[in-house]
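Scroll down for the structure; my scribbles are underneath it.
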Amino acid sequence: MRLCGWVLRSKTIGRVVIVEVSGGDVRPYVLVGKQDLNPELYNTLSTLPLGSAVCFEGEPAREQKSKRGTEFEVKSIKVYAEPIEPLPVELVGKVPSLLETRIKYRWLLLRNPVEKAIFRVRQSIVQAAREYLVNNGFMEIHTPKIVAAGAEGGATLFKVQYFEREAYLSQSPQLYKQILISSIPRVFEITPYFRAEKFNTVRHLNESWGIDVEQGFIESMEDVMNTLENLVAYIINYVRDKNKEELETLDVELPRVTTPFKRLKFEEAVDILRSNGVEVPEGEDLSDQAERELGKIMSEKGNDLYFIVGFPWQSTGFYYMREEDGHHTRKFDLDFRGLEIASGGQREHRYDKLVEALRLKGLDPANFSFYLEAFKYGMPPHGGFGLGIERLMMQMLGLNNIREAVLFVRDRTRLVP
Ligand code: ATP
Ligand code: MG
């Protein structure tokens, strides 16, 4: 077979040279050249500069002695490019501890098994999600990322100049996926979210990615939560089964996930927190600190993944269905060890109620006319959610900073690379 990659490491022990090539797999290919058997190959392998781009012809060795990767008996090797300068970062062994360096040189560090493993898991997450959703009758859609209005109000929108007009980068496909429920029963989109949030936290990016789902003809919010919990379980179990080498490289043990996940009413969550001495102001969403504390308490009870349901109406977006009591909405969060990884709920599908909700939230229905129109011609009860890919990765892989979960970071200070 022919395999290609980059020379990661080279070592000579007596009359044997061992070269590691970082290619398509998590762990490197290990090429062994013995002077006594094949002097020509031995010489070529011995003189390969670190970082060279090479392809080789060979077969896996019958006897596998290396712990670091698959050993190959090499028939021939061809060099395609050599570095013109020494590499700016150390690629062997543990990746650099400085996050700054990892972000700057990610594209090069991906030759390292640890860095590569993280992004191979990311790829699996997307693949598993697509597989699960398509198999369950969801159609993949693409909605515009340049938009005239935001789903959550103006504060966190990036402005762009759109010819003579002002436009924004989409913070969520929310409104568009809902509109499409007037003609497609189930949709999903794997999409970037652009959010001009100025804060600098370990959980926020200004460009992040989500798996966004909307489901029509539901009986209640439960139908949507079922979809989300089964999706998340499918993704985690998929990675657990298919990414064994990646998880081993990252030293991560993923327990098998079973459904249903625990459902916790918002008030119950508040009670649990207060009885553990955590302050929760009346009527507000839970703070990040409160979420983390709740995560610890829930994990101790064996619930790493749990829903918080029934958020107070004043803390939620206008599009969530308001309960008859007027105080609650059919909104849920899915938390994973104390971090919100998804939000969703049942939407208001009744035209009059929706217009009323916009007014009550201080928004002008005229600005949402394109959206409202879709509710006039047979809009079924529906609901959906947005699941953050980087947040899910953080919790699955135990990453301390969300910046470890994206190839190229977009945060308050980073616009390159
Ligand atoms: P938070 O309150 O944690 O800032 P949010 O409630 O504003 O998040 P949603 O609008 O509910 O976020 O978006 C759906 C999901 O997308 C979130 O649960 C999260 O997983 C992910 N997400 C949203 N905003 C960001 C961001 N700035 N960085 C990373 N992931 C995000
Ligand atoms: Mg949310």
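Cβ-Cβ contacts under 8 Å between residues 6 or more apart (or on different chains), taken from a first residue in the range 56-80 that is part of a loop (DSSP other than H, G, I, E, B) to a second residue that is among the aliphatic types (A, V, I, L, M), are listed as Ala61/Val32; Ser66/Ile18; Ser66/Val30; Arg68/Val30; Gly69/Val30. Residue pairs whose Cβ atoms lie under 7 Å apart, sitting 6 or more positions apart in sequence or on different chains, and linking a residue in the range 350-363 that is in contact (Cβ under 8 Å) with a residue 40 or more places away in the chain to a partner that is in a helix (DSSP H, G or I) and surrounded by fewer than 16 Cβ atoms within 10 Å (Cβ to Cβ), are Leu358/Pro365.
From the list Arg122, Arg111, the one residue that fits, being in a helix (DSSP H, G or I), at negative phi and basic (Lys, Arg), is Arg122.
Among the criteria (1) within 16 Å of ligand 1 (Cβ to nearest atom); (2) of a type in the set (Gly, Ala, Ser); (3) more than 31 Å from the chain's Cα centre (by Cα), the one Ala342 does not fulfil is (3). Counting only residues that are of a type outside the set (Phe, Trp, Tyr) and either in contact (Cβ under 8 Å) with a residue 40 or more places away in the chain or at positive phi (or both), the range 157-172 holds 1 of them. Filter the range 119-140 for residues that are loosely packed, with under 14 Cβ neighbours inside 10 Å and not charged (D, E, K, R); which is nearest to Trp107 (Cα to Cα)? The extreme case among them is Gln123.
Only residues that are small (Gly, Ala, Ser) and away from ligand 2 (no atom under 16 Å from the Cβ) were counted in the range 210-227, giving 2.
For the range 11-51, taking the residues that are crowded, with 19+ Cβ neighbours inside 10 Å and among the hydroxyl-bearing types (Ser, Thr, Tyr), the one that is nearest to the chain's Cα centre (by Cα) is identified as Ser22. Every condition in (1) over 24 Å from Phe307 (Cβ atoms); (2) within 15 Å of ligand 2 (Cβ to nearest atom) is met by Glu207 except one, and the failing one is (2).
Can you confirm whether the range 253-260 contains a residue that is without any contact (Cβ under 8 Å) to a residue 60 or more places away in the chain, in a loop (DSSP other than H, G, I, E, B) and within 16 Å of Gly345 (Cβ to Cβ)? Reasoning before the result, please.
First pass over the range 253-260, keeping only residues without any contact (Cβ under 8 Å) to a residue 60 or more places away in the chain: 253, 255-260.
Now restrict to residues that are in a loop (DSSP other than H, G, I, E, B): 253, 255-260.
With the extra rule that they be within 16 Å of Gly345 (Cβ to Cβ), the set shrinks to none.
No, the range 253-260 has no match at all.
Being within 28 Å of Glu246 (Cβ to Cβ), buried (at least 21 other Cβ atoms within 10 Å of the Cβ) and within 15 Å of ligand 1 (Cβ to nearest atom) narrows it down to one residue among Phe311, Phe332, Phe336; which is it?
Numbers: Phe311 fails: within 28 Å of Glu246 (Cβ to Cβ); Phe332 fails: within 28 Å of Glu246 (Cβ to Cβ).
None of the other options fit; the residue is Phe336.
If you filter the range 369-394 down to residues that are crowded, with 19+ Cβ neighbours inside 10 Å and assigned to a helix (DSSP H, G or I), you find that the one that is nearest to ligand 2 (Cβ to nearest atom) is Arg391.
Given the criteria acidic (Asp, Glu) and at pLDDT below 95, does Glu20 qualify? First the steps, then the outcome.
On the way: acidic (Asp, Glu): yes; at pLDDT below 95: no.
In short, no.
Residue-wise test of (1) assigned to a strand (DSSP E or B); (2) more than 8 Å from ligand 1 (Cβ to nearest atom); (3) touching a residue at least 12 places away in the same chain (Cβ under 8 Å); (4) crowded, with 21+ Cβ neighbours inside 10 Å.
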{"residue": "Ser183", "(1), (2), (3), (4)": "no, yes, no, no"}
{"residue": "Phe188", "(1), (2), (3), (4)": "yes, yes, yes, yes"}
{"residue": "Val202", "(1), (2), (3), (4)": "no, yes, yes, no"}
{"residue": "Leu205", "(1), (2), (3), (4)": "no, no, yes, yes"}
{"residue": "Gly210", "(1), (2), (3), (4)": "yes, no, yes, yes"}
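You will find that of Glu57, Glu63, Glu71, Glu82, the residue that is in contact with a Lys or Arg (Cβ under 8 Å, 6 or more places away or on another chain), surrounded by fewer than 18 Cβ atoms within 10 Å (Cβ to Cβ), more than 24 Å from Asp411 (Cα to Cα) and not assigned by TED's automatic domain parsing to the domain that holds Arg391 is Glu57 and no other.
The values are calculated or read from the model by the stated rules, or taken from the named source; none is laboratory data. Because the structure is a prediction, the values reported are computed rather than measured. Note that each Cβ is placed from the backbone with ideal geometry, even for glycine, and that neighbours are counted across all protein chains shown.
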